[in-house]
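K.L.:
Okay, here's the structure, questions in a sec.
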Amino acid sequence: MKDDKMKILCKWCNVVINCHIVSEEVSDHHGAYGIDSVKMAKIKIHKHFKGKNHCKGSDRIITVPKNKISVDKVYYH
């Protein structure tokens with residue numbers, strides 16, 4: 001598991017924020033061709049502000065498919 005800093009676009013304030021992978025897990029997904037196993041990553045969005053107050057997405061953990069993220073690109077959730 002890489003602990004490199006990544007960037008994510010916060011959907012609550014539309015600002016690019018630093019984030020990192022906290023953990024990974026395998027999840028079953030019911031697709032068109034039956035049950036697929038998908039590797040999911042839990043991503044921690046670092047604390048940030050929207051105006052004077054903390055943003056709603058600040059210090060939050062989200063779960064996204066591992067194949068959708070990379071260290072050199074900004075991830076949009």
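Derivation of every value follows stated rules applied to the coordinates shown; laboratory data play no part. Model, not experiment: these values are computed from the prediction. Positions of Cβ are backbone-derived with ideal geometry, glycine not excepted, and every protein chain shown enters the neighbour counts.
K.L.:
Could you work out how much longer the chain between S37 and F49 gets when fully extended? Use 0.36 nm per residue separation minus the Cα distance between them, nm to one decimal.
P.N.:
Result: 0.7 nm gained on full extension.
K.L.:
Using the basic label-point model (7 angstrom from Cα toward the beta carbon), what is the V22 to T63 distance in nanometres?
P.N.:
Those two pseudo-labels are separated by 1.2 nm.
K.L.:
Within region 1-66, how many Lys pairs sit with Cα atoms under 19 Å apart, leaving out pairs fewer than 8 places apart on the same chain?
P.N.:
27
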